[in-house]
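First up is the structure itself, then whatever we jot down about it.
Where a number appears in this text, it was derived from the coordinates with a stated rule and is not lab data. Here the structure is a predicted model, which is why all the values come from computation and not from measurement. As a convention, Cβ positions derive from the backbone with ideal geometry for all residues, glycine included, and neighbour counts pool all protein chains shown.
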Amino acid sequence: MSVMRKSLEHLLDSNKLEEDAIYLGVLTAMGVKPLSRLEYAVAPDVLSLLQDLRLRVVSVRRVAQDGSEVIHWILGRDSGLIDQYKSDFDGTPIREGIPAVIRAEARYFGFPACCAEAYIRDPLALSTLTPEEQGLLFHRACPGCKETPKLIPLYRSALREAKRLHKELRLLP
Ligand SMILES: [Zn+2]
């Protein structure tokens, strides 16, 4: 693979990550998600954009499986809720599949409780949404979910707004 091709792919990836960060920011600013978590750092102008959405952005230190430190960024409008998340998770190891953590994250990140419970029972259960609908989400909808379909229009309009803000910021065509 050529260097140019590689750098183009890198650019596309970083554009996608940036758009996702803004998308999470808009969802959180709209109150669809009480908090959101970014697992990567964003450029200073993206951070300013998030702050312009009246979000507070706070770093939380976690410990990966191999013992290394990982920084997450928590976005939210409610300072009290951010502080609560930080006191629950700062300095703690990242562990997958712990029911109490899945339930807590569902509350913090605005995932329906039915989907969290279904995920705890069977992490591989397939969502009955279309792939396009499921692709809008940051949680896996439970089979036959009654709650997620109410969220879909909100996620869709947040994504439109995020794409608009991202284009404006980067002067993309
Ligand atoms: Zn559900």
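Please state the relative contact order of the chain as a whole percent: Cα pairs under 8 Å, 6+ residues apart? Provide the component values of the computation, followed by the final result.
Numbers: 217 pairs, mean separation 37.9, N = 173.
22 percent.
Compute the distance in nm between two label points, each set 7 Å from the Cα along the Cα-to-Cβ direction, one at MET30 and one at LYS16.
Going by the 7 Å Cα→Cβ label model, 2.2 nm.
Go ahead and set up a Gaussian network model of the chain, Cα springs under 10 Å, then flag whichever of PRO149, PRO44, PRO34 fluctuates most.
Highest fluctuation among the options: PRO44.
Return the subset of LYS16/LYS163; LYS16/LYS167; LYS33/LYS167; LYS86/LYS146; LYS33/LYS146 for which the Cα-Cα distance in this structure is over 21 Å, preserving the input order.
The pairs that break the limit, which is 21 Å between Cα atoms, are LYS33/LYS167; LYS86/LYS146.
For labels at THR128 and ALA41 in the simple 7 Å Cα→Cβ model, what's the distance in nm?
4.6
Not counting the cut sites, what is the longest span of the chain without GluC sites (Glu not before Pro) that DSSP labels loop and that have at most 15 other Cβ atoms within 10 Å?
The segment 40-95 is the longest one with no such site.
Would you please report the Å³ per residue occupied by the convex hull of the alpha carbon atoms in region 1-149? Don't jump to the answer; show the numbers that get you there.
On the way: hull volume 21.9 nm³, N = 149.
Dividing the Cα hull volume of region 1-149 by its residue count gives 147 Å³.
Counting trypsin sites (Lys or Arg not before Pro) as exposed when in a DSSP loop with at most 10 other beta carbons within 10 Å, what is the longest stretch of the chain free of them?
With trypsin sites (Lys or Arg not before Pro) excluded where exposed in loops, the chain gives 1-53 as its longest stretch.
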